[in-house]
Amino acid sequence: MRSFQKDLAKLTARGVQVVTISVDPSDVTKGLAAKQGYTFPMLSDTKGDVIRRYDLLHAGASDGADIARPAEFLIDEKGIVRWRNLTEDYTVRVRGDKVLEELDRLGR
Amino acid sequence: MRYGRWTLILLALALLPAAQAGSAALPASPKAPAVGAKAPDFTLPDVNATPVTLSKLFAPRGSAKGSWVLLVFYRGYW
């Protein structure tokens, strides 16, 4: 996410808003945002409802807690998914420059 | 026990990738919205408990051009 923050101005210039979702409650996320300097909206899905609807629940992954598997979706202004990244390995993260490449490819 | 130590080392080396893969492996997400599919709409609270709705982000106020959204799911609970 640090990478998305670093490239936030470039993404904004392309007309792309960054929004994140995790199971962490708002106060935890607020602390993380303050510590890391994240300025994009960070949403809390404490019950995992939306994470489940996107089929991204990693059940019992963290000390038995249900959390989201990492995933990124580029969604256009009509609500259609234009690109997605479902990593098979959570230690490998997609970076902002990869998203900018995809935006080039999509002519955005 | 002449080959004991080597056997153990080889066994450890053989199992190491499997252990690493196991720890970082993720479940399949066959129903995750695919390219070309509609992203399910939702409303969730931000860090100030203000509700944010995905479908409302596409048309920012005061902007003629529609906005795209990079939706990032992360593990949390660290």
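For the reader, a short list of remarks on this structure follows.
- Three semi-axes of the equivalent ellipsoid, the range A:37-79, Cα gyration tensor, whole Å, largest first: 22, 15, 9
- Tensor-based shape of the range A:8-51 (alpha-carbon gyration tensor, a/c under 1.5 rounded, otherwise prolate or oblate): oblate
- If you wrap the tightest convex hull around every Cα atom of the protein assembly as shown and split its volume per residue, you get 147 Å³.
- Set of the range A:43-73 residues, backbone N closer than 11 Å to the point 7 Å along the Cα-Cβ line of A:Asp27: none
- Computed from backbone phi, the HN-Hα couplings of the range A:92-99 come to 9, 10, 7, 10, x, 5, 5, 5 Hz, rounded to whole numbers (Karplus: 6.51 cos²θ - 1.76 cosθ + 1.60, θ = phi - 60°; Gly and Pro given as x).
- Bridge orientation summary for chain A: considering DSSP beta bridges with both residues in this region, about 75 percent are antiparallel.
- Measuring r between the beta carbons of A:Val92 and B:Thr43 and using R0 = 35 Å, the FRET efficiency lands at 0.70.
- Counting charges near A:Ser44 (Lys, Arg +1; Asp, Glu -1) among other residues having Cβ under 12 Å from its Cβ returns a value of -3.
- Simple label model, 7 Å out from Cα along Cβ direction - B:Tyr77 to B:Trp6, nm: 4.5
- When the pairs A:Lys10/A:Lys30; A:Lys10/A:Lys47; A:Lys6/B:Lys65; A:Lys47/B:Lys38; A:Lys35/B:Lys31; A:Lys35/B:Lys38 are compared against a 29 Å limit on Cα-Cα distance, A:Lys10/A:Lys47; A:Lys35/B:Lys31; A:Lys35/B:Lys38 fall above it.
- Protein-protein interface of the range A:26-67, residues with accessible area decrease of at least 30 Å², isolated chain reference, 1.4 Å probe: A:Ser26, A:Lys30, A:Met42, A:Leu43, A:Ser44, A:Val50, A:Arg53, A:Tyr54, A:Asp55, A:His58, A:Ser62, A:Ile67
- Extension gain, A:Ala13 to A:Thr39: 0.36 nm times the residue separation minus the Cα-Cα distance gives 7.8 nm.
- Other residues with beta-carbon under 15 Å from the beta-carbon of B:Val47 carry, at +1 per Lys or Arg and -1 per Asp or Glu, a net charge of -2.
- Environment charge of A:Arg95, counting only residues whose C-beta is closer than 14 Å and scoring Lys/Arg +1, Asp/Glu -1: 0
- For the protein assembly as shown, the mean residue ellipticity at 222 nm estimated from helices alone is -9500 deg cm²/dmol, where every DSSP H run of n ≥ 4 contributes -39500 (n - 2.57) and the total is divided by all residues, rounded to the nearest 500.
- The 3J(HN,Hα) values that the Karplus relation (6.51, -1.76, 1.60; θ = phi - 60°) gives for the range A:55-60 are, in residue order, 6, 10, 6, 9, 5, x Hz. Gly and Pro appear as x.
- Average silhouette area of the range A:36-108, convex hull of alpha-carbon atoms, in square nanometres: 6.4
- Database remark: amide H of A:Val23 closer than 5 angstrom to the amide H of A:Asp45, A:Ala68 (H placed geometrically; neighbours at sequence offset of 5 or more, or on other chains; Pro and chain starts carry no H).
- 3J(HN,Hα) along the range A:21-29, derived from phi through the Karplus expression 6.51 cos²θ - 1.76 cosθ + 1.60 where θ = phi - 60°, amounts to 9, 8, 7, 5, x, 3, 5, 5, 5 Hz, with x in place of Gly and Pro.
- Accessible area buried, both sides summed, chains B and A with 1.4 Å probe, Å²: 5200
The values are calculated or read from the model by the stated rules, or taken from the named source; none is laboratory data. The shown structure was predicted, so the numbers you read here are calculated from the model rather than taken from an experiment. Neighbour counts run over all protein chains shown; Cβ positions are idealised from the backbone, glycine included. Surface accessibility is based on the protein's heavy atoms, side chains included, excluding ligands, DNA and RNA. Shrake-Rupley method; radii C 1.70, N 1.55, O 1.52, S 1.80 Å.
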